[in-house]
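I have placed the structure first, in the form of structure tokens, so that the comments after it can refer back to it.
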Amino acid sequence: MENLDLQLSFYNVSLKEEIGISDEISKKVGTTIETELQILTEAQIENILVHSPVKLSSRYDELISFQRMMDYIRINKINEPGLIRSQVITQNYICFVYLKDSYFKALQKETAENTITHRCSKFLTSQQIRKFRNSIAHGNWDYKSDFSGLVYWDYLNGRKENGYEKFEVNNEELSFWQTLSRVLAYASIETMK
């Protein structure tokens, strides 16, 4: 969990401002999630697992495969624009579509409101993130003209016939969302598998 803790601790300001996590806990979010989930009952864990026909171990395998790809590109200092774009697509798909908000909603439901797991799950299933997830799932996104983030569209008031509403997310904020999603997924799946 130390590696997960370290990855997310970089975003301590966002953790504090967006989720209300203290400076002290922001240094050990993965470890805190692990501790919180270790005390769940078998019934609570089963309630989380039934929300998907895909086994947790399969989701974990995909997370590991994705991380190996990211590490390979980073270690080999590959700076090929096509691969960078592929990373963006894959990372957003893994973090927001494949992990599914239903999994995070189940975590939220089965954990106490004052827990870090609950707060992180709640943030990742908020309307803001849900709109981004929908745009990724439906292909309604593009790069900002200066590549400093993404532009995305979701249905106005959640209905296709109402047209689209435009949003933007900068690279730093998107990186926070992605890292939080991966840390929550890794910490929870490793604890419950």
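The values are calculated or read from the model by the stated rules, or taken from the named source; none is laboratory data. Keep in mind it's a predicted model, so treat the numbers as computed, not measured. Every residue, glycine among them, receives a Cβ derived from its backbone with ideal geometry; neighbour counts consider all protein chains shown.
Values for this structure:
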read-out: Test for residue 82: is it surrounded by fewer than 10 Cβ atoms within 10 Å (Cβ to Cβ) and of a type in the set (Gly, Ala, Ser); value: yes
read-out: Selected residue (criterion: surrounded by the most Cβ atoms within 10 Å (Cβ to Cβ)) from residues of the stretch 102-152 that are part of a helix (DSSP H, G or I) and basic (Lys, Arg); value: 133
read-out: Among residues of the stretch 4-26, those that are assigned to a helix (DSSP H, G or I), free of Cβ contacts under 8 Å to residues at least 24 places away in the same chain and surrounded by fewer than 19 Cβ atoms within 10 Å (Cβ to Cβ), counted; value: 8
read-out: Boolean, residue 84 is of a type outside the set (D, E, K, R), more than 17 Å from residue 190 (Cα to Cα) and not in a helix (DSSP H, G or I); value: no
read-out: The stretch 121-146 residues that are free of Cβ contacts under 8 Å to residues at least 12 places away in the same chain, paired with ones that are assigned to a helix (DSSP H, G or I) (beta carbon under 7 Å, 6 or more apart); value: none
read-out: Lone unmet requirement of (1) within 16 Å of residue 60 (Cβ to Cβ); (2) in contact with a Leu (Cβ under 7 Å, 6 or more places away or on another chain) for residue 99; value: (2)
read-out: Lone unmet requirement of (1) without any contact (Cβ under 8 Å) to a residue 40 or more places away in the chain; (2) under 10 Å from residue 116 (Cβ atoms); (3) within 16 Å of the chain's Cα centre (by Cα) for residue 29; value: (1)
read-out: Residue under evaluation residue 94, criteria (1) at pLDDT 95 or above; (2) crowded, with 20+ Cβ neighbours inside 10 Å; (3) farther than 12 Å from residue 188 by Cα, criterion not met; value: (1)
read-out: Residue within the stretch 175-191 that is assigned to a strand (DSSP E or B) and either β-branched (Val, Ile, Thr) or surrounded by 17 or more Cβ atoms within 10 Å (Cβ to Cβ) (or both) present; value: no
read-out: Yes/no for residue 151 being more than 25 Å from residue 15 (Cβ to Cβ) and in contact with a strand residue (DSSP E or B) (Cβ under 6 Å, 6 or more places away or on another chain); value: yes
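A quick yes/no check of all residues on (1) farther than 30 Å from residue 49 by Cβ; (2) acidic (Asp, Glu):
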| residue | (1), (2) |
| --- | --- |
| 153 | yes, no |
| 162 | yes, no |
| 165 | yes, yes |
| 175 | no, no |
| 178 | no, no |
| 182 | no, no |
| 187 | no, no |
